[in-house]
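Colleague: Could you have a look at this structure, given as structure tokens, before my questions?
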Amino acid sequence: MLADGEFHISEWEDGVEVWVTQMGPLMNMNTAFVDRGNGLVAIIDPYDAEAWEAKLKQEGLKPTHLLYTHTHRDHAAGFPGMMKRFPELEVWGHEEAKVPNLLGNVVFRKVDFTNTWNCAADESVNWSAGSISLSITHSPGHAPGHVTIHGHGVYHAGDLLFVRSAGRVDLPGGDPKAQQRSLIKAKEILSSLPAEWRLVPGHRYDDFKGKVPDWIEVGDALKHNYFLANITIPR
Ligand SMILES: [Fe+2]
């Protein structure tokens, strides 16, 4: 189990490094993909800008891209600090994740995307920078414009899925029907991935086999996540 701000670093078979950390009182999980040769660092939902800056600096790196699963306040907590430190960052999110209205600001944080994805619900697009190559899937339900991000041995679920459970749909902008479709799509995608890939949830909330793990292998998630195990893919 990662301590607050501790990093797990591994290298995928194609040379891209995958960094995973856990930060803050809600145990937000952050994943980053690092292409050292090209000096590229793409971070999903960075929580603590200061901690990320310090760790990357130790390795002679700095962030180049932020990728947002959605713009709930906790997931976007690091946005202002990141922009202050690295104003040249490219900031990516789904077009529909732009903050909708004043009421929503209780729940959402304004993130100024420099670039957006605009695929329909349940559709995927490819995103790449140097050797980093990811699939972005529009998975609304928990929040408008929510996406999941997978590649290099990791499926970063954001708040669509946790280790054993799934994200809530009762916040402003939540949509239970869309969530059900997104979960069905997630099951399709996860079923197509190697069982040993890691599903990294948006938060470390759930227990599994007597521990509260930072991630779960995809094969275990398909069997033991309540929603993935029980939802039916329509024929
Ligand atoms: Fe969320």
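The values are calculated or read from the model by the stated rules, or taken from the named source; none is laboratory data. Because the structure is predicted, anything quoted here is derived from the model rather than measured. When we count neighbours, we look across all protein chains shown, and the Cβ atoms used for this are built from the backbone with ideal geometry, even at glycine.
Colleague: Which number in (1) at pLDDT 95 or above; (2) over 23 Å from residue 117 (Cα atoms); (3) outside any helix (DSSP H, G or I) marks the one condition that residue 191 misses?
Modeller: Answer for residue 191: the failing condition is (3).
Colleague: Turning to a different aspect of this structure: Quick check: anything in the range 189-209 of a type in the set (A, V, I, L, M, F, W, C), touching a Leu at 6+ places or on another chain (Cβ under 9 Å), within 16 Å of the ligand (Cβ to nearest atom) and farther than 20 Å from residue 8 by Cα?
Modeller: No, every residue in the range 189-209 fails to be of a type in the set (A, V, I, L, M, F, W, C), touching a Leu at 6+ places or on another chain (Cβ under 9 Å), within 16 Å of the ligand (Cβ to nearest atom) and farther than 20 Å from residue 8 by Cα.
Colleague: For the range 33-76, enumerate the residues that are outside any loop (DSSP other than H, G, I, E, B), within 16 Å of the ligand (Cβ to nearest atom) and under 16 Å from residue 5 (Cα atoms).
Modeller: Of everything in the range 33-76, just one residue is outside any loop (DSSP other than H, G, I, E, B), within 16 Å of the ligand (Cβ to nearest atom) and under 16 Å from residue 5 (Cα atoms), namely 44.
Colleague: Could you please give the count of residues in the range 170-183 that are crowded, with 17+ Cβ neighbours inside 10 Å and not charged (D, E, K, R)?
Modeller: 6
Colleague: Taking the residues in the range 204-221 that are in contact with a strand residue (DSSP E or B) (Cβ under 9 Å, 6 or more places away or on another chain) and hydrophobic (A, V, I, L, M, F, W, C) as candidates, determine which candidate is surrounded by the most Cβ atoms within 10 Å (Cβ to Cβ).
Modeller: In the first step, residues of the range 204-221 are kept if they are in contact with a strand residue (DSSP E or B) (Cβ under 9 Å, 6 or more places away or on another chain); the result is 204, 206, 208, 214-218, 220-221.
In the following step, the residues that additionally are hydrophobic (A, V, I, L, M, F, W, C) were identified as 208, 215-216, 218, 221.
On the way: 208: 15, 215: 24, 216: 24, 218: 25, 221: 28.
Restricting to residues being in contact with a strand residue (DSSP E or B) (Cβ under 9 Å, 6 or more places away or on another chain) and hydrophobic (A, V, I, L, M, F, W, C), the top hit is 221.
Colleague: Let me ask something additional. If you take the residues of the range 184-203 that are in contact with a strand residue (DSSP E or B) (Cβ under 7 Å, 6 or more places away or on another chain) and of a type in the set (Val, Ile, Thr), which of them is surrounded by the fewest Cβ atoms within 10 Å (Cβ to Cβ)?
Modeller: Going through the range 184-203, the residues in contact with a strand residue (DSSP E or B) (Cβ under 7 Å, 6 or more places away or on another chain) turn out to be 185-186, 189-190, 193, 195-203.
Next, only the ones that are of a type in the set (Val, Ile, Thr) stay: 189, 200.
Details: 189: 17, 200: 25.
The qualifying residue surrounded by the fewest Cβ atoms within 10 Å (Cβ to Cβ) is 189.
Colleague: Sticking with this one: Out of all the residues in the range 68-76, is one or more over 26 Å from residue 117 (Cα atoms) and of a type outside the set (Asp, Glu)? I'd like the intermediate steps shown before the answer.
Modeller: Initially, the range 68-76 is screened for residues over 26 Å from residue 117 (Cα atoms), giving none.
Scanning the range 68-76 turns up no residue that is over 26 Å from residue 117 (Cα atoms) and of a type outside the set (Asp, Glu).
Colleague: Residues that are buried (at least 24 other Cβ atoms within 10 Å of the Cβ) and within 13 Å of the chain's Cα centre (by Cα): find the strands (runs of 3 or more DSSP E) completely inside the range 90-166 holding 1 or more of those. Spell out the reasoning first.
Modeller: Details: elements: 90-94, 115-117, 124-129, 132-138, 147-151, 154-158.
In the range 90-166, 90-94, 132-138, 147-151, 154-158 are the strands (runs of 3 or more DSSP E) which contain 1 or more residues that are buried (at least 24 other Cβ atoms within 10 Å of the Cβ) and within 13 Å of the chain's Cα centre (by Cα).
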